[in-house]
DNA sequence: GTCTATACTTCGATAGAC
DNA sequence: GTCTATCGAAGTATAGAC
């Protein structure tokens, strides 16, 4: 009765995420993706037209998911400061659920978006747009200082991506006794929440009354 | 009289920096590096043993240079807050002089240090060590809050690298009318100096006297 | 040290049977 | 939809003359 389950494109995408994150577009091997997904290579080409087609599909999904989750926070109730806090936590959750996120993002930035078509770029900009919206909301309400929204976005996103992507290299350094013990990702997230509270606050240091 | 100048390995390294930054280790083509350096491909293999040998030589040079420049600032006179300011400016200068820095760093983090041998890793950790030292100095003197030095280092380094590496992709987004005009790198550096002052300050927001 | 020509390998992609 | 076998391009590396 139970026939073998149909091969789902999702299996392939999951395997591709690992491979592309670990090796980048050029370093990724289609054979390895097929093997990890337990699919025949021809099957992979049947579902996605090419290596590039597979890559773009993966990135579109990834960015779309991230943008949706951030949008949900941005559109929710609460003060702008509160939303920034929750956006940071949401990013951490996203990365926790999809460990391949940070490496893919770092690579795409380094690559200058070489493999991205217009549609994929569109899904990509949705994230900074959402975050920027929250920052502007805070400025308008007089709660944040007049900071550039894109700057604020990069200030919060980059360290999180960087720290969580650098887990492997920190682990290797630890193994060679070149550095201290790694700290928990949670600690870093709390750190970034504190940093952003301070970075955005209207007045960080009350001016002396002279 | 004037015979053709001897091919210097430096020409090759400069070309390799561009190629590796743009395409990553796997995506880089030895032919292209040779052509950009105006050297024969065999010449390249004569000076460096292999593609990997060339890559490692480049990274060692890069990290060593960065660590030396940061060390100079860290060892200079001045308050810790002042040094943090100048380290940020120094990083910006380094990147301005060597545009390939950010992409290479992002890629190595994403790669998990896959192409790095022990010696190269040693030169790599020198940078966080120097920055961490300055932060600890500030904490000891009661000028900074008790922040984790590695966290502080990543908080300042990641956005700079990220912003300066994302120039091409922001430019592309601008061309597609998907985003606003790009801002000057200088503005971003000033932004990060302000952010780090706030992030490290002993007391950012005076507690209400209840 | 420098160059040309080429050996050898890997990999993306497809043809064609079922 | 699924699989096996294989083609053809691209790429690292080297042999060997100068």
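Figures for the structure shown
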quantity	calculated
Label geometry 7 Å along the beta-carbon vector: residue B:202 inter-copy distances in nm	2.6
Gaussian network model of chain A, springs between alpha carbon atoms under 10 Å - residue of A:124, A:176, A:65 with greatest fluctuation	A:176
Max mean-square fluctuation residue, GNM over chain A, Cα-Cα springs under 10 Å, options A:73, A:39, A:135	A:39
Copies compared at residue B:78 - label distances in nm, ascending, label defined 7 Å from Cα in the Cβ direction	3.8
Cα gyration tensor, the stretch B:30-69 - rounded (a/c under 1.5), prolate or oblate	prolate
Taking B:68, A:90 and counting other C-beta atoms within 10 Å, the order from fewest to most	B:68, A:90
For A:85-92, mean number of other protein chain Cβ atoms within 10 Å	0
Separation between Cα centres of the stretch A:82-145 and the stretch B:86-149, rounded to whole Å	23 Å
For the stretch A:82-210: rounded, prolate or oblate by the Cα gyration tensor [a/c cutoff 1.5]	oblate
Neighbouring partner chain Cβ atoms per residue of A:13-22, average, 10 Å criterion	1
Packing-based exposure ordering (other Cβ within 10 Å, fewest first) of A:190, A:177	A:177, A:190
Footprinting exposure proxy for A:118, A:60, B:6 (fewest neighbouring C-beta atoms within 10 Å first)	B:6, A:118, A:60
FRET efficiency estimate (nearest 0.05) - Cβ-Cβ, residue B:118 to residue A:187, R0 30 angstrom	0.60
Other-copy label distances relative to residue B:27, 7 angstrom Cα-Cβ extension, nm	1.2
Peptide-level mean, for A:98-110, of C-beta atoms on other protein chains within 10 Å	5
Average Cα contact separation per residue, the stretch B:1-77, under 8 Å, 6 or more apart, as relative contact order %	27 percent
Mean Cα-pair separation over length for the stretch A:106-210, i.e. relative contact order, pairs under 8 Å, 6 or more apart, %	27 percent
Tensor-based shape of the protein assembly as shown (alpha-carbon gyration tensor, a/c under 1.5 rounded, otherwise prolate or oblate)	oblate
Gaussian network model of chain B, Cα within-10 Å springs - most flexible of B:161, B:84, B:125	B:125
Relative contact order of chain B, defined on C-alpha pairs under 8 angstrom at six or more residues apart (%)	20 percent
Potential lengthening between residue B:10 and residue B:32 on full extension [0.36 nm per residue; Cα-Cα distance subtracted]	6.3 nm
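Readers should treat all values here as calculations from the given coordinates under stated rules, not as data from a laboratory. Computed from a predicted structure; not experimentally measured. Using ideal geometry, Cβ is built from the backbone for each residue, glycine included, and neighbour counts are taken over all protein chains shown.
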